[in-house]
Amino acid sequence: MDNQNYNDETLKKESNNKIFIIIICLFIFIIMVIGVSMATFTYTKENKSINTISTGNIYLNYTEDTNGINITNAYPMADEVGKTLTNEDQYFDFTVEASISGDVVANYEVSAEKEVSSTLNNDEVRLYLEKKVNDSYQEVMAPKNFTPLKESTDLGTKAGSMLLDTGTISKSSSINYRLRMWVANTTILDNLEKSFGVRVSIKAKIDLSE
């Protein structure tokens, strides 16, 4: 009889121990599940915060009603003269402006698109680009014949256009340019009316890797 009681008590103790161990295991399992869930939620929240970016616009602002420059019946001239042209119809001012929010950078390209009505050849025309720094203009592109791109660029400047300048812009800022164009001094003109026109264009793309 005593042995039977002893065995019953032993079984109860072992059963209680097993139940206690099971409860402890369940408790540890619950803690692990909650911990993993919290870790996943925290990671997701941080990752979402890092990748949330607000971007804006980049565009051209013209100082004239037109968006380019034309030369008609102009006489050939040397580069040294063309670079100093001051008449209103002999140069074209424009501004690249950006309004960007967030820590991002926009890559941009400035190009000249040839007017289909142009009758001068590409090698009979010279283009010259300057950028305003402080209160004066500095050379960006030396005098150069109209040189069309053979292929479109990654930013979207079309083949057939001439690439004038490339750069980056961020935050709310602006860059002022001045474009001049004249007939090359090597050009032989006949009695026919000759002309050449270009339209300034800009292509830009936000670089999210910066």
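The values are calculated or read from the model by the stated rules, or taken from the named source; none is laboratory data. This is a predicted model, so every value here is computed, not measured. Here the Cβ positions follow ideal geometry from the backbone for every residue, glycine too, while neighbour counts run over all protein chains shown.
Worth a mention:
- Residue match in the stretch 137-149 (condition: under 20 Å from the mean Cα position of the chain (by Cα) and of a type in the set (S, T, N, Q)): no
- Candidate set: the stretch 125-143, residues that are acidic (Asp, Glu) and modelled with pLDDT of 95 or more; chosen: the one surrounded by the most Cβ atoms within 10 Å (Cβ to Cβ): 130
- If you filter the stretch 73-116 down to residues that are touching a Gly at 6+ places or on another chain (Cβ under 7 Å) and hydroxyl-bearing (Ser, Thr, Tyr), you find that the one that is nearest to residue 184 (Cα to Cα) is 108.
- Taking the criterion of being more than 21 Å from residue 98 (Cα to Cα) and in contact (Cβ under 8 Å) with a residue 40 or more places away in the chain, the residues of the stretch 154-179 that qualify are 158, 160, 161, 162.
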